[in-house]
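S.K.: First, the structure itself, so that you have it in front of you.
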Amino acid sequence: MAEPAVGDTILRMQGIVKDFQGVRALDGVDFELRAGEVHALIGENGAGKSTLMNVLAGRFRDYEGRIELFGSEVRLTNPRQALALGIGVIYQELSVLPNLTVAENILLGHEPPGRLPGTLDRAALIAQAKAVVDELGFDLPLDAPVGSLSHARQCLVEIAHALRKDVRVLVFDEPTAALGAEDVAKLFAVIRDLKARGLGVVYISHRLAELPQIGDRVTVLRDGKVVGTRDVADSRVSLLSEMMLGRRLAEMFPPKRNQPGKPLLRVEGLTRSGAFEDVSFELREGEILGLAGLVGSGRTEIARAILGADKARGRCEIEGRWIPPRSPRRAMAMGLGMIQEDRKRDGAIAGLSVAQNLGLSVLDRLAGPLGFLAPRWLRDHARQGIERFSIVPPDPLKEMQLLSGGNQQKVILGRCLAPDPKVLLFDEPTQGVDVGTKAQIYRMMMDLACQGKGIVLVSSELIELVELCDRILVLRDGRLVKELPGPGTDVDTLVCECVHGNG
Amino acid sequence: MSPDNRRSAIGNWQSRLLSFRVIQSASVFLLMLALCVYAAATKPTFLTWQNLVINLLTKASCLGIIACGMTFVMIAGGFDLSVGSTTAACSVVTVLMLQPLAPHGAWVAIPLAILATLLVGILLGSANGALISYVGVNPFVVTLSTMFVFRGLAMIITSGGLSIQVPVALKEGAFRKIYWGQVNLFGSPTHQATIPILVFLAVFLVSVYLLRFTRFGHYVYAVGGNENAAWLAGINTSLVKAATYAICGLTCAISAIIFSSITGTTQAASHEGLELIVIASVIVGGTPLGGGSGSLFLTLNGLLLLSVIENLMGQFRVDEKYRKIVQGFIILVVVAVDGFVRRTRARQRR
């Protein structure tokens, strides 16, 4: 196999089709990768990005279509074969073993044997690991247990593990999802270096803001089909958003008709060391206020601190009344409500019914004397919620985990809105929901604003911020650096502000 | 209800009927029935009122009262290893209270002793709850240590673990009735229910009411289902968790009173291993470790299966040393089948 030159196409996937129990996840996808390029693969959750890369990693036997690697056709049916052919994948959830040392992790599965059978040659292990790390130019303590390293450095260990073999195609599956801003920059430097060494890098993401920093070409997937492949340099972020959503933005976002009124929420000098510092702002009645920034800039942490879910110094007030810290319960009693970013961990109670999930926030109100609560009262309350939010299936007794992501989100919205809060903190409210539900959530937010509620919107989808918000606060490294008006700001300006501030 | 709604309700009912969880609890029930049929056919002594009600159900009731409390704890995602020690400590308190109170007559002594015991039960349970909820130590570790501490306390108040007795007048009089007392059913003197069965029924019904028909019950399920999400939804999760342990302590106290009435004697070393049978009943019934689902009816189901097996081994005179092995295997098999079913179901959903 001749060494491919930079710019040669090393991977060609054609007409890839993959079904999951009758549901078509990939529908005739074509994808190409050149040596020495970073090819971004973007799309909404469920668009098929990860499935496509799992085909490439040899995780499925039953896909249709052609895969050509270095000019010869291959059929990838197991992960070991894919690895042997030079395909490495770094998954979002790292597979390092925290109790083993860096050297042991890098050579996991290929430890040099010692003299006695079943033993291990430690000196050779360290030497070989050092060779791998030095070649990559990583600075890693070989003797340290991996669990003691930061997430970004664990990521480097995983990369070193993947690159120990002769890997020519490296896939990153949403690597920045759990990284702070500094770590993201480090990771990008490593990716650029890998690219310079002639590797083909596939970079999966649904964060458009990152693309200009790292990508050469970008392929957009939607509903298992390729919408298009373009050069990053001449693609505006707003255009890519439209490609991802598959609708004209005007159809998605309702026209603005809210009028901000008097002050509702006041945040003063909110500080949590390591997350954000000296954050102050005011939210008014009927206002939608956006918090923009890269991952790790402190957006979610600020919202959680206002709710009292995390400790923080500083002062938050609703209509002049101080919100006590460390008690979401009391904050809610004062008229605060929050939609959490991680629906599975912090929102849905998977094993309980829709009715139980919906009613959780208002059981006090629903229950009679001595806490008596007839199952029918709960069901009736749920029926109202199901109707108001058009939840499918309209069955109050359905287990939460059997609902689609979008419908789960509607249930959680229903739970949040049931006590009729005045101030709403929405952290990534449209993450992992279908386009139809997205449009519905946007309309609902606009309605709430028109009713005089104040909304703080945290979102990685900058298009949401620009289209919905009255004002946008830009955060970098935990500090508020700029305030932009929502109307009239375009996405591309906002991207620049989030990244380096000289846009 | 519109026709559409009704159809979906029926569809839902069918899917529920066929769900694995139902199959699992049905299989526990059927296994118990099969054992009963076999025993009835081979042992004429099995299918008698004396054996089934006076013997089997009365014994099961004493454990069942605690199993109700344990169900609260486990649905909320907790665990209580200290119930054996709590019961021992409570029974010691009952007897110690009766000793000085006996001269005042049964109608003064017994209610006061019962009241004191119930308070001690709630106190010990709350101690567990407070340590778990407010200090934030793992329930397994907390109740493992209180298991030793409570028994140690019982030893201290009985001067180093001496066996203590209820005063003779009560022991052979009113106090004895708590376990041995019987009530005629259907006006027939041959069909009698024992006091422990009636107490168990009362505890069971109150528990069902609390879990299914109150706000508190919904909170218990929510905390077990996803404690983090429940906290963020504005629930006082610490209080809910602590309350389940207090309830569990209370049920231990109720059982302790009944247990100490059996012979009228008790000691600090009594009721060892009780926690394991109680936890086994809850788990075999189908309430998962980790909580979030389960019910008292499932616990009753598990309790009856284990009690029938215990009774059968007595009927067939199985050697004591093999009984433990059989019990151990039953728990293992039921839980393994449950785990297998759960995995299959998760895979199908994916």
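S.K.: Applying the selection to region A:293-332, what residues are within 14 Å of another protein chain (Cβ to nearest Cβ) and at positive phi?
M.R.: A:Gly308, A:Arg326
S.K.: Which strands (runs of 3 or more DSSP E) does region A:4-102 wholly contain that include 2 or more residues that are surrounded by fewer than 16 Cβ atoms within 10 Å (Cβ to Cβ) and either touching a strand residue (DSSP E or B) at 6+ places or on another chain (Cβ under 8 Å) or at pLDDT below 85 (or both)?
M.R.: A:9-20, A:23-34, A:64-69
S.K.: Is it fair to say A:Val227 is touching a strand residue (DSSP E or B) at 6+ places or on another chain (Cβ under 9 Å), modelled with pLDDT of 90 or more and not assigned by TED's automatic domain parsing to the domain that holds A:Glu461?
M.R.: The answer is yes for A:Val227.
S.K.: Could you list, in sequence order, all residues of region A:342-359 that are within 27 Å of the chain's Cα centre (by Cα) and part of a helix (DSSP H, G or I)?
M.R.: A:Arg343, A:Lys344, A:Arg345, A:Asp346, A:Gly347, A:Val354, A:Asn357, A:Leu358
S.K.: Considering B:Ser126, B:Ser145, B:Ser159, B:Ser133, which residue is part of a loop (DSSP other than H, G, I, E, B), of a type in the set (Ser, Thr, Tyr) and closer than 30 Å to B:Leu81 by Cβ?
M.R.: On inspection, the qualifying residue turns out to be B:Ser159.
S.K.: Given the options A:Asp223, A:Asp166, name the one that is surrounded by fewer than 18 Cβ atoms within 10 Å (Cβ to Cβ) and at positive phi.
M.R.: Just one listed residue meets the conditions, A:Asp223.
S.K.: Give region A:155-176 a look and list any residue that's part of a helix (DSSP H, G or I), more than 19 Å from the chain's Cα centre (by Cα) and closer than 17 Å to A:Thr101 by Cβ, or say none.
M.R.: Across region A:155-176, the qualifying residues are A:Leu156, A:Val157, A:Glu158, A:Ile159, A:Ala160, A:His161.
S.K.: Tally the residues that are among the small types (Gly, Ala, Ser) and closer than 18 Å to A:Met446 by Cα, restricting the search to region A:236-255.
M.R.: Residues in region A:236-255 being among the small types (Gly, Ala, Ser) and closer than 18 Å to A:Met446 by Cα: 1 in total.
S.K.: Out of the residues in region B:167-215 that are closer than 29 Å to B:Ala113 by Cα and among the aromatic types (Phe, Trp, Tyr), which is farthest from the other protein chains (Cβ to nearest Cβ)?
M.R.: Per the stated criteria, the residue is B:Trp180.
S.K.: One residue is enough: does region B:245-265 have a residue meeting the conditions within 14 Å of another protein chain (Cβ to nearest Cβ) and of a type outside the set (A, V, I, L, M, F, W, C)?
M.R.: There is no residue in region B:245-265 that is within 14 Å of another protein chain (Cβ to nearest Cβ) and of a type outside the set (A, V, I, L, M, F, W, C).
S.K.: Considering every residue within region B:283-290, establish whether at least one is β-branched (Val, Ile, Thr), part of a helix (DSSP H, G or I) and in contact (Cβ under 8 Å) with a residue 12 or more places away in the chain.
M.R.: Yes, region B:283-290 contains a residue that is β-branched (Val, Ile, Thr), part of a helix (DSSP H, G or I) and in contact (Cβ under 8 Å) with a residue 12 or more places away in the chain.
S.K.: Follow-up question, since we're still on this one. Can you tell me how many residues in region A:295-326 are closer than 15 Å to A:Leu473 by Cα and assigned to a helix (DSSP H, G or I)?
M.R.: Residues flagged as closer than 15 Å to A:Leu473 by Cα and assigned to a helix (DSSP H, G or I) within region A:295-326 amount to 5.
S.K.: May I ask you to list pairs of residues, at least six apart or on different chains, whose Cβ atoms are under 6 Å apart, with the first in region B:180-195 being on the phi < 0 side of the Ramachandran plot and the second being of a type in the set (Gly, Ala, Ser) and part of a strand (DSSP E or B)?
M.R.: B:Val183/B:Ala193; B:Leu185/B:Ala193
S.K.: Continuing with this model, one more query. Looking for whichever is within 23 Å of A:Gly308 (Cα to Cα), within 14 Å of chain B (Cβ to nearest Cβ) and crowded, with 19+ Cβ neighbours inside 10 Å here; the options are A:Pro429, A:Pro421. Which one fits?
M.R.: A:Pro421
S.K.: A further question follows. Taking region A:113-151 only, how many residues are surrounded by 15 or more Cβ atoms within 10 Å (Cβ to Cβ) and not in a helix (DSSP H, G or I)?
M.R.: Result for region A:113-151: 5.
S.K.: Right, here's the next one. Suppose we keep only residues that are assigned to a loop (DSSP other than H, G, I, E, B) and within 7 Å of chain B (Cβ to nearest Cβ) within region A:360-373. Which one would you say is farthest from A:Leu424 (Cα to Cα)?
M.R.: The residue in question is A:Leu373.
S.K.: Tell me, yes or no, whether region B:236-244 has at least one residue that is more than 14 Å from every other protein chain (Cβ to nearest Cβ), in a loop (DSSP other than H, G, I, E, B), within 30 Å of B:Thr94 (Cβ to Cβ) and among the charged types (D, E, K, R).
M.R.: No, that holds for no residue.
S.K.: State whether the residues of region A:184-198 include one that is under 25 Å from A:Asp490 (Cβ atoms), in a loop (DSSP other than H, G, I, E, B) and out of contact with any helix residue (DSSP H, G or I) (no Cβ under 6 Å at 6 or more places or on another chain).
M.R.: no
S.K.: In the list A:Gly414, A:Gly405, which residue meets the criterion of being modelled with pLDDT under 95 and either of a type in the set (Phe, Trp, Tyr) or more than 29 Å from A:Arg476 (Cα to Cα) (or both)?
M.R.: Testing whether each residue is modelled with pLDDT under 95 and either of a type in the set (Phe, Trp, Tyr) or more than 29 Å from A:Arg476 (Cα to Cα) (or both) leaves just A:Gly405.
S.K.: Identify, from the list A:Gln356, A:Gln340, A:Gln401, the residue that is within 8 Å of another protein chain (Cβ to nearest Cβ), closer than 30 Å to A:Glu277 by Cα and either in contact (Cβ under 8 Å) with a residue 24 or more places away in the chain or not charged (D, E, K, R) (or both).
M.R.: So the residue among A:Gln356, A:Gln340, A:Gln401 that is within 8 Å of another protein chain (Cβ to nearest Cβ), closer than 30 Å to A:Glu277 by Cα and either in contact (Cβ under 8 Å) with a residue 24 or more places away in the chain or not charged (D, E, K, R) (or both) is A:Gln340.
S.K.: Specify which of the listed residues (A:Asp121, A:Asp139, A:Asp143) is assigned by TED's automatic domain parsing to the domain that holds A:Ser205 and in contact with a Ser or Thr (Cβ under 6 Å, 6 or more places away or on another chain).
M.R.: Of the residues listed, the single one that is assigned by TED's automatic domain parsing to the domain that holds A:Ser205 and in contact with a Ser or Thr (Cβ under 6 Å, 6 or more places away or on another chain) is A:Asp143.
S.K.: Can you tell me which condition A:Ser273 does not meet? The list is (1) surrounded by 16 or more Cβ atoms within 10 Å (Cβ to Cβ); (2) more than 9 Å from chain B (Cβ to nearest Cβ); (3) among the polar types (S, T, N, Q), and all the others hold.
M.R.: Of everything listed in (1) surrounded by 16 or more Cβ atoms within 10 Å (Cβ to Cβ); (2) more than 9 Å from chain B (Cβ to nearest Cβ); (3) among the polar types (S, T, N, Q), A:Ser273 misses just condition (1).
S.K.: Now, a different point. Working only within region B:26-56, note down all residues that are of a type outside the set (Phe, Trp, Tyr) and not in a helix (DSSP H, G or I).
M.R.: Result: B:Lys43, B:Pro44, B:Thr45, B:Leu47, B:Thr48.
The values are calculated or read from the model by the stated rules, or taken from the named source; none is laboratory data. On a predicted model such as this, the values are computed, not experimentally measured, just so you know. Every residue, glycine among them, receives a Cβ derived from its backbone with ideal geometry; neighbour counts consider all protein chains shown.
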